[in-house]
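So the structure is just underneath, and the comments pick up after that.
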Amino acid sequence: ALKDPSLDIVGVFTPHHLHAPMAIAAAKAGKHLIVEKPLCISLEELRAIRAAAKATGVKSITGYVLRWNPLLKIIRHNIEAGTLGEVIFAEVDYLHGIVGKDYIHKWYRQRKTGGTSLLVGGCHAVDGIRFLVGKPVVEVTAYSTSRTRELEYPGTEIVLLKFADGSIGKVASCLECYGPYVFNVEVFGSRGKFRNNQFAGDLFAGQTAF
């Protein structure tokens with residue numbers, strides 16, 4: 001397929017540990033890339049994919065589909081417009097109890113093929129908070145824990161972030177919790193705040209609650 005000159009773009013939607021070799025092969029063949037999240041499962045693989053793409057000049061994107069979610073786009077627009085004032089604190093959580101679910105493949109549960117809680121799903125939250133705040137991350141602290149034996153890695157990870165403008169953030173990824181899938185988004189600013197699809201601030205005269 002990679003030798004086919006009529007093929008312009010390759011989509012890599014395989015298990016996580018296969019992303020890097022397939023993406024690198026496609027890039028070396030001069031094919032543009034869309035790679036499902038996570039892009040890969042190690043820093044070494046990330047650098048190898050980047051080097052292959054830069055060497056051949058192909059364009060690439062990772063499948064962080066939530067960047068096109070209307071809620072995140074609306075919040076980001078309001079941050080850029082100054083509706084929230086200065087961002088003080090942001091929180092994005094990926095809470096998805098996949099443990100015990102019939103649709104979860106074996107490779108999801110293994111460290112060498114799935115990665116970590118953040119790579120399996122929490123990377124959506126990491127990308128989301130970076131997209132919303134829009135500033136470089138300058139400090140990172142992380143903690144992990146686990147209450148399940150079904151995963152070869154900690155099922156829960158918490159990440160604390162400090163951004164270049166002094167704002168701070170928190171990302172949580174929990175794959176072992178009981179309950180439905182939740183992608184929680186909260187942004188607190190000096191003039192307003194978003195709590196998922198609820199807003200509080202001085203944008204509407206007389207508003208005193210979310």
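The values are calculated or read from the model by the stated rules, or taken from the named source; none is laboratory data. Just so you know, these numbers come straight off a predicted model, no measurement behind them. When we count neighbours, we look across all protein chains shown, and the Cβ atoms used for this are built from the backbone with ideal geometry, even at glycine. Only protein heavy atoms, including side chains, enter the accessible area calculation; ligands, DNA and RNA are left aside. Shrake-Rupley method; radii C 1.70, N 1.55, O 1.52, S 1.80 Å.
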Residue selected from the stretch 105-154 under the condition under 22 Å from TYR181 (Cβ atoms), among the small types (Gly, Ala, Ser) and part of a loop (DSSP other than H, G, I, E, B), by the criterion most open to solvent (accessible area, probe 1.4 Å): SER146
Looking at the structure I just gave you, is LEU203 within 30 Å of ALA81 (Cβ to Cβ), part of a loop (DSSP other than H, G, I, E, B) and either modelled with pLDDT of 95 or more or not hydroxyl-bearing (Ser, Thr, Tyr) (or both)? yes
Those residues that are open to solvent by less than 60 Å² (accessible area, probe 1.4 Å), in contact (Cβ under 8 Å) with a residue 24 or more places away in the chain and farther than 20 Å from HIS96 by Cβ, I need them from the stretch 155-170; list them, please. LEU161, PHE163, SER167
So, in the stretch 22-77, how many residues would count as being of a type in the set (Asp, Glu), in a helix (DSSP H, G or I) and either under 20 Å from LEU7 (Cα atoms) or open to solvent by less than 80 Å² (accessible area, probe 1.4 Å) (or both)? 1
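Determine whether THR208 is in contact with a Gly (Cβ under 9 Å, 6 or more places away or on another chain), at pLDDT below 95 and over 16 Å from GLY85 (Cβ atoms).
Considered against the rule, which asks whether it is in contact with a Gly (Cβ under 9 Å, 6 or more places away or on another chain), at pLDDT below 95 and over 16 Å from GLY85 (Cβ atoms), THR208 comes out as no.
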Which members of the stretch 183-195 meet the condition of being over 10 Å from GLU91 (Cβ atoms) and either surrounded by fewer than 14 Cβ atoms within 10 Å (Cβ to Cβ) or without any contact (Cβ under 8 Å) to a residue 40 or more places away in the chain (or both)? SER190, ARG191
So which residues in the stretch 155-193 are outside any strand (DSSP E or B) and among the polar types (S, T, N, Q), if there are any at all? SER167, SER190
Residues within the stretch 171-180 that are touching a Leu at 6+ places or on another chain (Cβ under 7 Å) and open to solvent by 80 Å² or more (accessible area, probe 1.4 Å), tallied: 0
Of the residues that sit in the stretch 58-70 and are touching a residue at least 12 places away in the same chain (Cβ under 8 Å) and not β-branched (Val, Ile, Thr), which one is nearest to GLU36 (Cα to Cα)? GLY63
Hey, can you tell me all the residues within the stretch 1-17 that are more than 18 Å from the chain's Cα centre (by Cα) and open to solvent by less than 60 Å² (accessible area, probe 1.4 Å)? LEU7, VAL10, GLY11
Lone unmet requirement of (1) part of a helix (DSSP H, G or I); (2) surrounded by 12 or more Cβ atoms within 10 Å (Cβ to Cβ) for VAL92: (1)
Of all residues in the stretch 40-69, which are in contact with a helix residue (DSSP H, G or I) (Cβ under 6 Å, 6 or more places away or on another chain) and within 21 Å of PHE183 (Cβ to Cβ)? TYR64, LEU66, ARG67
